[in-house]
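Let me begin by presenting the structure, written as structure tokens, before commenting on it.
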Amino acid sequence: MKTKYLSSILSLVLLFLSLTIGCAAPAPSSTPVAETQPIVTRVIDGDTIEVDIAGALYKVRYIGIDAPELDDKQPEFCALAQEATRYNRELVEGKTVRLEKDISGTDNFGRLLRYVYVDDTLVNAELVKQGLAWAKLYEPDTKHQDYLEELEMEAKQAGRGLWAIKG
């Protein structure tokens, strides 16, 4: 009798748990839980994009690089900022990307800090390789820093982009 009673209670508990677990709401988060299938909706500049992840928009700042600013007072850097933005747009706009986190989740402005890939291309690295961004150390996010610095040295030696500017 006790076994049958315990078995019935156990069955009811399991039924209750299965019903309530299926209805549980996910915990709120300021950053996406699963960064699956992010689509680039907008290129902001040479090192920042906006992505749609499951219907929510997030600004993403590329880790390990710094592109010239669009409002730079020096005409040559302003022109390179426009070129970096154009090339970034060519690489990622409207495309599904893969976002790779390093140590930090976000920066002081609430942007996601990520390495950004289109297929097998690391976009952060491609911008440095073309001389359209500097490799810049932002600790503690240093996973690919040696690679970015190697590409910067190659761009510098080849006189590409930023490294073609005299002065």
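Quick rundown of the values:
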quantity: Within-12-Å neighbourhood charge of Leu57 [Cβ basis; K, R +1; D, E -1]; calculated: +1
quantity: Radius of gyration and Dmax over the Cα atoms of the range 36-167, both given in Å; calculated: 14.1, 46
quantity: Filter on Lys59/Lys95; Lys101/Lys129; Lys59/Lys143; Lys59/Lys156; Lys101/Lys143 - keep pairs with C-alpha separation over 18 Å; calculated: Lys101/Lys129; Lys59/Lys143; Lys59/Lys156
quantity: Most to least accessible of Ile65, Ile103, Ile39, Ile165 (protein chains only, probe 1.4 Å); calculated: Ile103, Ile39, Ile165, Ile65
quantity: Net +/- balance of residues flanking Thr48 in space, Cβ distance below 13 Å, scoring K and R +1, D and E -1; calculated: -1
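The values are calculated or read from the model by the stated rules, or taken from the named source; none is laboratory data. The model shown is predicted, which means the values in this text are computed figures rather than measured ones. Because the Cβ atoms are built from the backbone with ideal geometry, glycine has one as well, and the counts that use them run over all protein chains shown. Please note that ligands, DNA and RNA were not included when accessible areas were found on the heavy atoms of the full protein model with its side chains. Shrake-Rupley method; radii C 1.70, N 1.55, O 1.52, S 1.80 Å.
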